[in-house]
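Visitor: This structure is in structure tokens; I'll ask about it shortly.
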Amino acid sequence: MKIQELKKMKNEGTRDLSSRERRHFLKMGFIITGVYLGGRVLSLASTVKAAPSSMVPQQGEYSYSPHYTMVVREQRCIDCERCVEACRSVNEVPEYGRRTMIHEKRRPMADDGFETVFMPILCNHCNRPPCVRVCPTTATYKDEKTGIVVMNRDRCIGCKTCMTACPYNARYFKEEGRYVDKCNFCRDTRLAQGELPACVTACPAEVRIFGDLTDKKSRVYSLLHTPDTYVWVLRPETGALPNVYYTTA
Amino acid sequence: MKNLFVSLVPQSGGMEPNDSKAINMTMIVLAILALIGIAFGVHSLIIGHEHTFGVTREVPWGLLIAVYVFFVVTSTGLCIVSSIGHVFGYDNFEPIAKRAVYLSIVTILAGFLVIAFEIENTWRMPVANVIGANLTSNIWWMGTLYGAYLLFMIVEFILLLKKNHKTAAAFGLAGLLSGVAAHSNLGAVFGLLNGREFWHGPYMPIYFIASAALSGSVTIIVCTYIGYKVNHWQMSESMKTSLRSVGKLAALTIAILLFFTIWKMITGITGHPPGKYLAMQTLLSGSYSINFWIGEILFGLVLPLVIILVFRSRNITALFIASLCAILGIMAMRYDLVIVGQLIPHYHDLPLVDYPKLFSYMPTLHEIMVALSGFALTGVFLLLGEKLFRGHVVEEH
């Protein structure tokens, strides 16, 4: 039947519908609602209540307050590794371990030369953190207030599933304390005293910018909302929803 | 407790065990080997894996996870095989059922022994798993369900010894359900990791259950054969028929696994899926190709299938050899599955300088010794079981 013909037809109304048909329709509605509701309940509960509509959450979508975020301006990084060293001394990171590191990206240029960009990496404090989901003992969890992915050291059984699950290679096992160690934005060592994370302060090139994304006046907010810039996250395909952003700003 | 144990061990009936020096010596040697392995495990627990194990931050799971998976797959498989006769009443599978239940307990304990040394803070588990229970964690479910499974299987075995077959069957069913649930969760431990392309997807839990059926079938064939050989027992006709049926089940599961493996290969290659392709290439033509083609495919699947088909599952010695091949191949399957899944670098899609194309892992002496202790323990309890329970004979009922 063509849509034009349908338009011409008279509305039959609902008066002539038998109660059997009405019941049938209602039943179908209930089944569909039930299936969706059931599916929603059964699906593994994620740690955020609402997933953001884009990579950077919009106003009204922030899951935390303060919603701590780090913005990395990687094109400014000179690979001096002061961030790595500051982190090591402030957080007592052993020689074999690292909470943060710097990778070197290289691509060929038109003049036969290369462009080198240094890419600092650290825990992404994901909003849907794979490490938190897999931990059998909730030894690693999202801080309810700030969204920082934290370790409860005494509860870590050392199964290393979080290390296997992390898409970013951000965790290592610290033999000295027998727990999996990771970046916590210096929550205990500096944030608690009102100071910025050690790597942020140590960086001479202002590569790492740290702040509260819910605060429109913060630098992280303005960096992530600057025209003519490109903002990205690492390994977005894993669905982990990172809180560490990279930008050309 | 001692009285309970004495009352359970049959003093007569069944078959007269061979009390030769050779068997006793073998048990002692295996027990010593197990103890040495445990000593290596304790040593690495004390001084830390960093100094004793080959695992790294990039490849945090090594040989011991593979061996743990091997043992619990075997245990679940033995439970499946035992339940065919015991729970579902297929007479052909009755004669092997009691031994299978016993060995399912032994192999899960061997698995727990190995994982106890792989987890760095084992002692925190009893409390942390309860007060910190994480219902979204597959590893939590696996541990909890395997705990329940072990309990059900032990009760089932005790009831079998007490000849209370009806209640035993109920516990057998409970064991089967919890075992299958636990085992598929073990598959999900790997399959639900979005960041590990080689593992991610529904394949793992399905594959784990299918390969459990194979592991269980070939293990019961091998262990029954060994039990009879070392004790110089004559196999009854019903036992031979039973083993032939198990052999057919093994052939069927091999066919299923071949089918799975072929499609896993094709999906890993077609369109070069990021991450997955690299892992598949590592298996097909890279540094793990010998493991894959010789271990997994030739020993694990093709040889046993050919042997079973050529002898049409009739020759028991041929069945034993086929099963032994399969066990070796299954070990390679577990190892490749656990290790290769982690070898793909996290940032493989970025043009990084001085960044490995593939991570590497090599087990250390400590890891190998702990792994051996699991096998040695299984050997001791296999021989001890034959002796104590007089050939695990299932009475006609």
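Visitor: Filter segment B:97-132 for residues that are open to solvent by 10 Å² or more (accessible area, probe 1.4 Å) and in contact with a Pro (Cβ under 8 Å, 6 or more places away or on another chain) and give the result.
Guide: B:Asn129
Visitor: Right, something else. Which is buried (at least 22 other Cβ atoms within 10 Å of the Cβ) and either at negative phi or at pLDDT below 95 (or both), of B:Val81, B:Val9, B:Val29? Talk me through it step by step, then tell me what you get.
Guide: Values: B:Val9 fails: buried (at least 22 other Cβ atoms within 10 Å of the Cβ); B:Val29 fails: buried (at least 22 other Cβ atoms within 10 Å of the Cβ).
Only one candidate passes the filter, namely B:Val81.
Per-residue answers, yes or no, for (1) farther than 23 Å from B:Ile327 by Cα; (2) within 14 Å of chain A (Cβ to nearest Cβ); (3) in a helix (DSSP H, G or I):
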| position | (1), (2), (3) |
| --- | --- |
| B:Leu159 | yes, no, yes |
| B:Gly195 | yes, yes, no |
| B:Trp199 | no, yes, no |
| B:Ile221 | no, no, yes |
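Visitor: Residue check, A:Cys126 against (1) farther than 20 Å from B:Gln342 by Cα; (2) in a strand (DSSP E or B), all met but one. Which one?
Guide: (2)
Visitor: Pick from B:Ile38, B:Ile23: which is at pLDDT 95 or above, open to solvent by less than 50 Å² (accessible area, probe 1.4 Å) and either not in a helix (DSSP H, G or I) or not charged (D, E, K, R) (or both)?
Guide: Step by step, each of B:Ile38, B:Ile23 is checked, and only B:Ile38 is at pLDDT 95 or above, open to solvent by less than 50 Å² (accessible area, probe 1.4 Å) and either not in a helix (DSSP H, G or I) or not charged (D, E, K, R) (or both).
Visitor: Within segment A:130-149, restricting attention to residues that are open to solvent by 10 Å² or more (accessible area, probe 1.4 Å) and part of a strand (DSSP E or B), which residue is farthest from the other protein chains (Cβ to nearest Cβ)?
Guide: Here the answer is A:Lys142.
Visitor: Just for segment A:87-112: of the residues that are away from chain B (no Cβ under 14 Å) and more than 24 Å from the chain's Cα centre (by Cα), which one is farthest from A:Cys162 (Cα to Cα)?
Guide: My answer is A:Asp111.
Visitor: I would also like to ask the following. Determine, yes or no, whether A:Met151 is over 21 Å from A:Asp188 (Cβ atoms) and modelled with pLDDT of 95 or more. Steps first, answer last, please.
Guide: Working: over 21 Å from A:Asp188 (Cβ atoms): no; modelled with pLDDT of 95 or more: yes.
No.
Visitor: Can you pull out the helices (runs of 4 or more DSSP H) entirely within segment B:261-354 that have at least 2 residues that are within 27 Å of B:Gly54 (Cα to Cα) and either more than 14 Å from chain A (Cβ to nearest Cβ) or free of Cβ contacts under 8 Å to residues at least 40 places away in the same chain (or both)? Step through it out loud before you land on a result.
Guide: Details: elements: B:276-284, B:303-310, B:316-343.
Because the criterion is at least 2 residues that are within 27 Å of B:Gly54 (Cα to Cα) and either more than 14 Å from chain A (Cβ to nearest Cβ) or free of Cβ contacts under 8 Å to residues at least 40 places away in the same chain (or both), the helices (runs of 4 or more DSSP H) in segment B:261-354 that meet it are B:276-284, B:316-343.
Visitor: Please work out if B:Phe208 is closer than 30 Å to B:Thr270 by Cβ and open to solvent by less than 10 Å² (accessible area, probe 1.4 Å).
Guide: Yes, satisfied.
Visitor: Also, quick follow-up: For the structure I just gave you, tell me whether A:Gly60 is of a type outside the set (S, T, N, Q), surrounded by fewer than 10 Cβ atoms within 10 Å (Cβ to Cβ) and either on the phi > 0 side of the Ramachandran plot or at pLDDT 85 or above (or both).
Guide: yes
Visitor: I'd like the full set of residues that are more than 7 Å from every other protein chain (Cβ to nearest Cβ) and open to solvent by less than 10 Å² (accessible area, probe 1.4 Å), limited to segment A:172-181.
Guide: Step one: list which residues in segment A:172-181 are more than 7 Å from every other protein chain (Cβ to nearest Cβ), which gives A:174, A:176-177, A:179-181.
Correct list: A:Val180, A:Asp181.
Visitor: When residues of segment A:223-243 are filtered for being away from chain B (no Cβ under 14 Å) and surrounded by 15 or more Cβ atoms within 10 Å (Cβ to Cβ), how many remain?
Guide: Taking segment A:223-243 first, the residues away from chain B (no Cβ under 14 Å) are A:223-231, A:243.
Restricting the remaining residues to those that are surrounded by 15 or more Cβ atoms within 10 Å (Cβ to Cβ) gives A:223-224, A:231, A:243.
Qualifying residue count for the region: 4.
Visitor: Output yes when any residue across segment A:98-113 is open to solvent by 30 Å² or more (accessible area, probe 1.4 Å), outside any strand (DSSP E or B) and hydroxyl-bearing (Ser, Thr, Tyr), and no when none is.
Guide: No, that holds for no residue.
Visitor: Considering every residue within segment A:196-206, establish whether at least one is outside any helix (DSSP H, G or I) and open to solvent by less than 10 Å² (accessible area, probe 1.4 Å). Even if it seems obvious, please write down each step before you answer.
Guide: Here is the first cut: in segment A:196-206, the ones outside any helix (DSSP H, G or I) are A:196-197, A:203-206.
After this cut, where a residue has to be open to solvent by less than 10 Å² (accessible area, probe 1.4 Å) as well, the list is A:197.
Yes, segment A:196-206 contains a residue that is outside any helix (DSSP H, G or I) and open to solvent by less than 10 Å² (accessible area, probe 1.4 Å).
The values are calculated or read from the model by the stated rules, or taken from the named source; none is laboratory data. Not measured: the values here are computed from a predicted model. Backbone-built Cβ (ideal geometry, glycine too); neighbour counts: all protein chains shown. Heads up: the accessible areas ignore ligands, DNA and RNA and are worked out on the full protein's heavy atoms, side chains in. Shrake-Rupley method; radii C 1.70, N 1.55, O 1.52, S 1.80 Å.
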